[in-house]
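Trainee: Just dropping this structure here.
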Amino acid sequence: MIGNPIAALGRTVLDILSSVGFATRSFFGLLQVSPGAMRRPSLISEQIHFIGNYSLVIIIVSGLFVGMVLGLQGYITLTPYGAEQKLGQVVALALVRELGPVVTALLFAGRAGTSLTAQIGLMKAGEQLSAMEMMAINPIQRVLAPRFWAGVIAMPLLATIFSAVGVLGGYLVGVQLIGVDEGAFWSQMQANVDVRADVLNGVLKSLVFGVAVTFTALFQGYHAEPTPEDVSRATTRTVVIASLMIWGLDFVMTALMFNK
């Protein structure tokens, strides 16, 4: 009676370790064939357009409204302490350190990640990847690697745009709507936001998120069963796994970067 739950737990742990090991081997295998994909930059630029440009509208709109909410909530929070002049600093730090990389990564997983998973899964179901192998073309190098590097490049760019538009949203609400002094808004931001400690660390976060989300999407699509039902389940797994990875990595990187 006692042995069955323990055995089931052991099997579950072994399955998880096996899956993590298989994903790790797949990741390094993808990196190994990446130099071949780098020799055809047109493939990567095409995927950057597909991944980044088509995600731009949701990034800009979401960044604007997140910045506006930060401006409103920040003003409400700072006013009782007479510190509403620091609104620009609060909005900028919240965006470049945390909300910019994290919210962009979550939107990226929901928009581009599911699209990549469905695209690769349907290519596998349509035996396009098998046809490439029959023609002595490595599908990982030809199909997966360009999409992987496109996602890694596009993610920091999208996060930067999100943060910039968010600061604009905070300015519109805080300065133009509520009436915070415009000079204080920008000067506090300029004086207290450090390029290396804040901006570059935020970019590094978004770069790591780009690697995690893009690889998860490609891995789930490439290893999905070639059926419509499993491809649809793979897109769901992409969002769930990528979102959990984003939050976990965010905690670890925040603890390492900003623990002063």
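The values are calculated or read from the model by the stated rules, or taken from the named source; none is laboratory data. It should be emphasised that the depicted structure is a prediction, and the values quoted were computed from it without experimental measurement. With ideal geometry, Cβ positions are generated from the backbone for all residues, glycine too; neighbour counts draw on all protein chains shown.
Results for (1) farther than 16 Å from Gly52 by Cα; (2) among the aliphatic types (A, V, I, L, M); (3) out of contact with any strand residue (DSSP E or B) (no Cβ under 8 Å at 6 or more places or on another chain), shown as yes or no for each residue.
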{"residue": "Ala109", "(1), (2), (3)": "no, yes, yes"}
{"residue": "Thr114", "(1), (2), (3)": "no, no, yes"}
{"residue": "Thr117", "(1), (2), (3)": "no, no, yes"}
{"residue": "Leu122", "(1), (2), (3)": "yes, yes, yes"}
{"residue": "Ser130", "(1), (2), (3)": "yes, no, yes"}
{"residue": "Met135", "(1), (2), (3)": "yes, yes, yes"}
{"residue": "Pro156", "(1), (2), (3)": "no, no, yes"}
{"residue": "Gly166", "(1), (2), (3)": "yes, no, yes"}
{"residue": "Gly174", "(1), (2), (3)": "yes, no, yes"}
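A quick yes/no check of all residues on (1) modelled with pLDDT of 90 or more; (2) within 23 Å of Ala150 (Cα to Cα); (3) among the basic types (Lys, Arg):
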| site | (1), (2), (3) |
| --- | --- |
| Ala212 | yes, yes, no |
| Pro228 | no, no, no |
| Val240 | yes, yes, no |
| Ser243 | yes, yes, no |
| Val252 | yes, no, no |
| Asn259 | no, no, no |
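Trainee: For the range 81-98, indicate whether the set of residues that are surrounded by fewer than 19 Cβ atoms within 10 Å (Cβ to Cβ), within 20 Å of Ile246 (Cβ to Cβ) and under 15 Å from the mean Cα position of the chain (by Cα) is non-empty.
Mentor: So far as the range 81-98 goes, yes, one or more of its residues are surrounded by fewer than 19 Cβ atoms within 10 Å (Cβ to Cβ), within 20 Å of Ile246 (Cβ to Cβ) and under 15 Å from the mean Cα position of the chain (by Cα).
Trainee: Here is a follow-up. For the range 1-40, name all the residues that are closer than 30 Å to Thr160 by Cα, within 22 Å of the chain's Cα centre (by Cα) and either free of Cβ contacts under 8 Å to residues at least 60 places away in the same chain or loosely packed, with under 10 Cβ neighbours inside 10 Å (or both).
Mentor: Thr24, Phe28, Leu31
Trainee: Pairs please, first residue from the range 120-132 and closer than 15 Å to Arg147 by Cα, second anywhere and hydroxyl-bearing (Ser, Thr, Tyr) and assigned to a helix (DSSP H, G or I), Cβ atoms under 7 Å, 6+ apart in sequence or on different chains.
Mentor: Sorted first by the residue in the range 120-132, then by its partner, the pairs are Ile120/Tyr222.
Trainee: Separate question: Restricting attention to the range 190-228, and to residues there that are part of a loop (DSSP other than H, G, I, E, B) and among the charged types (D, E, K, R), which single residue is nearest to Tyr171 (Cα to Cα)?
Mentor: Of everything passing the filter in the range 190-228, Asp194 is nearest to Tyr171 (Cα to Cα).
Trainee: Continuing with the same structure: So Ala217 fits all but one of (1) crowded, with 21+ Cβ neighbours inside 10 Å; (2) farther than 13 Å from Ser115 by Cα; what number is the exception?
Mentor: (2)
Trainee: Can I ask one more? Looking at the structure I just gave you, is Glu98 within 19 Å of Arg147 (Cβ to Cβ), assigned to a helix (DSSP H, G or I) and of a type in the set (Asp, Glu)?
Mentor: Against the criterion (within 19 Å of Arg147 (Cβ to Cβ), assigned to a helix (DSSP H, G or I) and of a type in the set (Asp, Glu)), Glu98 does not qualify.
Trainee: Further question: Would you confirm, using the coordinates I've provided, whether Ile161 is in contact with a Phe, Trp or Tyr (Cβ under 9 Å, 6 or more places away or on another chain) and either hydroxyl-bearing (Ser, Thr, Tyr) or assigned to a helix (DSSP H, G or I) (or both)?
Mentor: Criteria not met by Ile161.
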